[in-house]
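S.K.: Quick one: the structure is below, questions incoming.
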Amino acid sequence: MSNKVSPLAGVVGWPIKHSKSPALHGHWLERYGLDGEYRPIALSPDELETGLRKLSKRGFKGVNLTIPHKEAVLKFVDSITDSAALIGAANTIHFHADGTIGADNTDGYGFIQNLRQNAPMWDPKSGPALVVGAGGAARAVVWALLNEGAPVVRLANRTRIRAENLANHFGAKVEVVEWSEVSEAMDGAATIVNTTSLGMAGQPELRVHFDAALPEALVSDIVYTPLNTPFLEKAQARGLETVDGLGMLLHQAVPGFESWFGRKPEVDDELRQAVLNA
Ligand code: ATR
């Protein structure tokens, strides 16, 4: 009889019941016939550190993190990757065999892989990027675009000071533009991304027009409920190529799954459907 222990991983949040990660990882485990389990785990902010240490002792290989833990976790982990340090948040936690806890951020990776998979001709180096929003998601997107060689990132946010803080954090390649001039700031951009919650079901839409955008600009949204946001619809009406935000969620899960369950999983239509139906 084998005494091999099934790999355990999960997602930690507060609350956790809306997370799509269990469906996502569960689909891959089943598809590849892998031994392992991926569980939703509710931990309040007060319980986060002790809770993670317990999971580590109980043999968990790692966890994904969701709201509200992504920033707080950096205060007590033993090691932090460059991407997590620069983004200032972690979405993937590794429990190492020596008992230490490592924090990584794969949101920027997920953002880029989604665009590369769905728009293979996209060249982030070919022109400035315009990022709308300056919250946590924007930090991952700005980091990723700079890392992929975007010459400049223009950043617009309703609350200007948040955009300025983010620009100061990332340096001279990030330029703050006025909230009232988002549409004009599309001029010459190779990449245009909404990272705000505007356009999400139940939220007002992002009021912009794409008149100044180059015909070859690639437009994306991190909102994926609905999949085709009003922002993306407006871009499509101008003939622009668009990529919806669901793929970012799917791709950000790949590195964690590979490290915990030992196989690099595929992101395809079958996975999209499984997550949409969950
Ligand atoms: P996340 O971590 O998901 O990015 P967040 O930190 O709350 O969440 O950021 C939400 C983003 O959506 C911010 O850029 C926010 O703008 P403010 O910094 O001005 O709050 C933006 N946002 C949310 N509701 C908005 C609205 N009604 N109009 C304009 N921007 C909005």
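The values are calculated or read from the model by the stated rules, or taken from the named source; none is laboratory data. Here the structure is a predicted model, which is why all the values come from computation and not from measurement. No Cβ is skipped: glycine too gets one built from the backbone with ideal geometry, and neighbour counts run over all protein chains shown. For accessibility, only protein heavy atoms count, side chains too; no ligands or nucleic acids. Shrake-Rupley method; radii C 1.70, N 1.55, O 1.52, S 1.80 Å.
S.K.: Just the number, please: carbon plus sulfur as a percent of the accessible area of segment 1-122, 1.4 Å probe, no ligands or DNA/RNA counted.
M.R.: Heavy-atom surface of segment 1-122 belonging to carbon and sulfur, 1.4 Å probe: 54 percent.
S.K.: Mind giving me the nanometre distance, one decimal, between the label points for residue 42 and residue 179, set 7 Å out from Cα along Cα→Cβ?
M.R.: Placing both labels 7 Å beyond Cα along the Cβ direction yields 3.5 nm.
S.K.: Ok, one more. Could you check what % of the DSSP bridge pairs in segment 108-245 are antiparallel, to the nearest 5?
M.R.: 5 percent
S.K.: Under 29 Å Cα to Cα from residue 75, which lysines show up? Leave out anything in the same chain fewer than 8 places away.
M.R.: In chain and number order, the partners are 17, 20, 54, 57, 61, 173.
S.K.: Pull out a ≥ b ≥ c, the square roots of the eigenvalues of the alpha-carbon gyration tensor of segment 108-245, then state rounded if a/c is under 1.5, prolate if not and a/b is larger than b/c, and oblate in the remaining case.
M.R.: Taking the square roots of the gyration eigenvalues as a ≥ b ≥ c, segment 108-245 is rounded.
S.K.: Treating only the Cβ of Lys, Arg, Asp and Glu as charged (+1, +1, -1, -1), what charge dipole size does segment 108-245 show about its Cα centre? Round to the nearest 20 debye.
M.R.: 360 debye
S.K.: Can you list the equivalent-ellipsoid semi-axes of segment 192-231, largest first and in whole Å, using the square root of 5 times each Cα gyration tensor eigenvalue?
M.R.: After diagonalising the Cα gyration tensor, the semi-axes are 19, 11, 8 Å.
S.K.: In Å, the Kirkwood hydrodynamic radius of the chain over pairs of distinct alpha carbons?
M.R.: Evaluated on the chain, it is 19.4 Å.
S.K.: Once amide H atoms are built 1.01 Å from N in the peptide plane, which residues 5 or more positions from residue 218, or in another chain, come under 5 Å H to H?
M.R.: So residue 218 has HN proximity to 191, 192.
S.K.: Let me ask you something else. Residue 228 to residue 266: FRET efficiency via 1/(1 + (r/R0)^6), r the Cβ-Cβ distance, R0 30 Å, to the nearest 0.05?
M.R.: Approximately 0.80, to the nearest 0.05.
S.K.: Pop out the carbon and sulfur fraction of the accessible area of segment 151-278 as a percent, whole number, probe 1.4 Å.
M.R.: About 47 percent, which is the carbon plus sulfur part of the accessible surface.
S.K.: In segment 1-121, how does Rg compare with the Kirkwood Rh, expressed as the Rg/Rh ratio over alpha carbon atoms?
M.R.: 0.99
S.K.: Near the amide H of residue 175, under 5 Å away, which other amide H atoms are found, from residues 5 or more places off or on another chain, if H is placed in the peptide plane?
M.R.: Placed amide hydrogens put 153, 154, 155 under 5 Å from residue 175.
S.K.: Separate question: Report the local net charge at residue 170: Lys and Arg +1, Asp and Glu -1, summed over other residues whose C-beta lies under 14 Å from its C-beta.
M.R.: Summing Lys/Arg as +1 and Asp/Glu as -1 gives 0.
S.K.: Heavy-atom accessible area per residue, segment 108-245, 1.4 Å probe: how many Å²?
M.R.: The answer is 44 Å² per residue.
S.K.: Placing +1 at every Lys and Arg Cβ and -1 at every Asp and Glu Cβ, with all other atoms neutral, what dipole size does segment 1-150 have around its Cα centre, in debye to the nearest 20?
M.R.: It comes to approximately 320 debye.
S.K.: Additional query: Where does the charge balance sit around residue 211 when Lys and Arg score +1, Asp and Glu -1, over other residues with C-beta under 11 Å from its C-beta?
M.R.: For residues surrounding residue 211, the net value is 0.
S.K.: With only Lys, Arg, Asp and Glu charged, each at its Cβ (+1 for the first two, -1 for the last two), find how big the charge dipole of the chain is about the Cα centre; round to the nearest 20 debye.
M.R.: Roughly 800 debye for the chain.
S.K.: Taking the Cβ of residue 105 as the centre, find all other residues whose Cβ is under 13 Å away and add up their charges (Lys, Arg: +1; Asp, Glu: -1).
M.R.: Result for the local shell: -2.
S.K.: For the pair residue 172/residue 125, report the inter-label distance in nm, with labels modelled 7 Å from Cα in the Cβ direction.
M.R.: With each label placed 7 Å out from Cα toward Cβ, I get 2.0 nm.
S.K.: To check you understand DSSP bridge types, tell me what percent of the beta bridges within the chain (both residues inside) are antiparallel, rounded to 5.
M.R.: 20 percent
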